[in-house]
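A quick write-up on the structure given underneath.
Read the figures in this text as sums done on the coordinates, not as results from a lab. Keep in mind it's a predicted model, so treat the numbers as computed, not measured. Using ideal geometry, Cβ is built from the backbone for each residue, glycine included, and neighbour counts are taken over all protein chains shown.
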Amino acid sequence: MTLRKPCPKGQCRQCWTHAYDPDIHRSQDQRTDCAACVDHMKNGCPSDQIQK
Ligand SMILES: [Zn+2]
Ligand SMILES: [Zn+2]
């Protein structure tokens, strides 16, 4: 799998990867929202996921 865009500094790696690799969400249950993305939306992105 080739990542089209590498995660830039200061961006959340999880949110970035999910936003730019639609295959991740496509392979999940389409009826429910992506739990990882919902968690970041509600609680914010954890600092350990932020690209340095
Ligand atoms: Zn997601
Ligand atoms: Zn995030």
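Put simply, the amide H of residue 50, placed in the peptide plane, has neighbours under 5 Å in 13, leaving out anything fewer than 5 places away on its chain. Within the chain, the cysteines lacking any other cysteine Cβ closer than 4.7 Å to their own Cβ are 7. Relative protection proxy for 18-24, 31-37, 41-47, from highest mean packing down: 18-24, 31-37, 41-47 (other beta-carbon atoms within 10 angstrom). Remark: spin-label model distance residue 25-residue 5 equals 1.4 nm, labels positioned 7 Å along the Cα→Cβ axis. Note that region 28-34 has calculated 3J(HN,Hα) couplings of 8, 5, 6, 7, 10, 6, 5 Hz, one per residue in order, obtained from phi through the Karplus relation 6.51 cos²θ - 1.76 cosθ + 1.60 (θ = phi - 60°); glycine and proline are x.
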